[in-house]
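The values are calculated or read from the model by the stated rules, or taken from the named source; none is laboratory data. Here the structure is a predicted model, which means the values were calculated and not measured. Neighbour counts are summed over all protein chains in view; Cβ atoms, including those assigned to glycine, are modelled from backbone coordinates with ideal geometry.
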Amino acid sequence: MFRKQFTDDRDAFALAHAIVDTVREPLIVLDDELRVVAASRSFYVTFRVNRNETQGRLLYELGDGAWDIPKLRLLLGKIIPERGEMEDYEVDHDFPDIGHRTMLLNARKVFYEAGSHANIILLGIEDVTGKRSLEREKDELLRQKDVLLDEIQHRVANSLQIIASIILLKAKSVDSEETRRHLQDAHSRVISVAAVQQHLHASAAIGSMEMQPYLTRLCEALSNSMIGEDQPVILKVVGEGGTATCRNAESLGLIVTELVINSLKYAFRGSGKDGEIVVSYETADTDWKLSVADNGVGKPDGVFAQPKSGLGTGIVKALAKQLSAQVETVSDGQGTTVSITHATFSGKAKPKPESESLIA
């Protein structure tokens, strides 16, 4: 009976060794005293440990004390007895032969029925040194990319401001009224692009943008650059707003610029009343609607005040097409409203007064 039990135990031990040896990741089997019962071939190869000097020895004695690691002692001496297991316990250590290593330790205590076998600890070791090194390199590259992007954005902003100033100086020096008007339009577009670029850069990290403050800031730039003190026109942003991707927000900002330019050029000629341009943006789920309305002279036939072949009209239509949106213009004696609508948005009630943002 005893001989049979001994044979069974020896066969079980040999089987256990064979199973452990086939595990691809480094794996160590420890007894209650933290002596090595078995270890996988990958453990010996990865950490250059001598097989003949491993089995039966305390784990902390391996490699002439190279495995006497404080965090490993904490894991096996305190955490495992209290919890019974531990996953992804990260340890950094410098080994004499193989240098610095970052390891993820996964340990589990295996309990047997009382009186059958001693309890054992399975210790799996994943060498993530290369992975962590790549992550650090990636983080450094991303940091460098952010620095370069910040520098590029700064230079682009400065360049746009310089271009706008040159155009404005040129507009003041030319004799032709038509040329002056074209240069002023170009100046306004550059200013709006600069405002769009600055706001987009601030929101690029999160990938989306709150449209209410974005449109408010854009309209402030347009108001400052295009509406003179002697021009009684108020430009304001209303509505509950919403969010848009930075890419869509860029297109929407350019659309607003063109429509505001159009209103200022055509809507208030001979109107004899204080002008008002209202910009609104509303959302419902994935649908949205952008509107630019003025209280100018309008047109009874409902056509867009600017000629259909005009540059502004072409820009608005092209940008709306990119956004998969429809352009609708309503114009009468009370003014003109141009709406850019995506999908099946059904208009909400009139914007609440408290949500208005007065520009100038």
Failed criterion for Lys131 (all others in (1) farther than 30 Å from Ser225 by Cα; (2) surrounded by 15 or more Cβ atoms within 10 Å (Cβ to Cβ) hold): (2)
Region 183-207: number of residues that are modelled with pLDDT under 70, aliphatic (A, V, I, L, M), surrounded by fewer than 18 Cβ atoms within 10 Å (Cβ to Cβ) and farther than 17 Å from Gly242 by Cβ: 3
Region 47-59, residues that are modelled with pLDDT under 90 and touching a Leu at 6+ places or on another chain (Cβ under 8 Å): Val49, Glu53, Thr54
Qualifying residue in region 37-49 (condition: among the hydrophobic types (A, V, I, L, M, F, W, C), within 18 Å of Val110 (Cβ to Cβ) and touching a His at 6+ places or on another chain (Cβ under 6 Å)): yes
Of the criteria (1) modelled with pLDDT of 90 or more; (2) within 25 Å of Glu33 (Cα to Cα); (3) more than 29 Å from the chain's Cα centre (by Cα), which one Leu76 fails: (1)
Asp97 being assigned by TED's automatic domain parsing to the domain that holds His17, assigned to a helix (DSSP H, G or I) and loosely packed, with under 13 Cβ neighbours inside 10 Å: no
Test: residue in region 11-25 that is at pLDDT below 90, under 42 Å from the mean Cα position of the chain (by Cα) and not charged (D, E, K, R): yes
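Considering each residue of region 215-255, count those that are part of a helix (DSSP H, G or I) and in contact with a Gly (Cβ under 7 Å, 6 or more places away or on another chain), and give that number. Steps first, please.
The first filter runs over region 215-255 and keeps only residues part of a helix (DSSP H, G or I), leaving 215-226, 246-255.
When the remaining residues are screened for being in contact with a Gly (Cβ under 7 Å, 6 or more places away or on another chain), the result is 218, 246.
Adding up the residues that qualify gives 2.
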Pair list, Cβ under 8 Å, 6 or more apart: region 326-351 residue more than 18 Å from Val260 (Cβ to Cβ) and among the aliphatic types (A, V, I, L, M), other residue modelled with pLDDT of 75 or more and not in a strand (DSSP E or B): Ala343/Thr286; Ala343/Ser324
Tabulated pairs, region 47-74, first in the same structural domain as Val36 (by TED's automatic domain parsing), second among the basic types (Lys, Arg) and outside any loop (DSSP other than H, G, I, E, B), C-beta under 9 angstrom, 6+ apart or interchain: Phe47/Arg101; Arg51/Arg41; Gln55/Arg35; Gly56/Arg35; Arg57/Arg35; Leu58/Arg35; Leu59/Arg35; Tyr60/Arg73
One residue from Glu240, Glu210, Glu229, Glu151 being assigned by TED's automatic domain parsing to the domain that holds Leu290, at pLDDT 85 or above and either surrounded by fewer than 17 Cβ atoms within 10 Å (Cβ to Cβ) or more than 22 Å from Val278 (Cα to Cα) (or both): Glu210
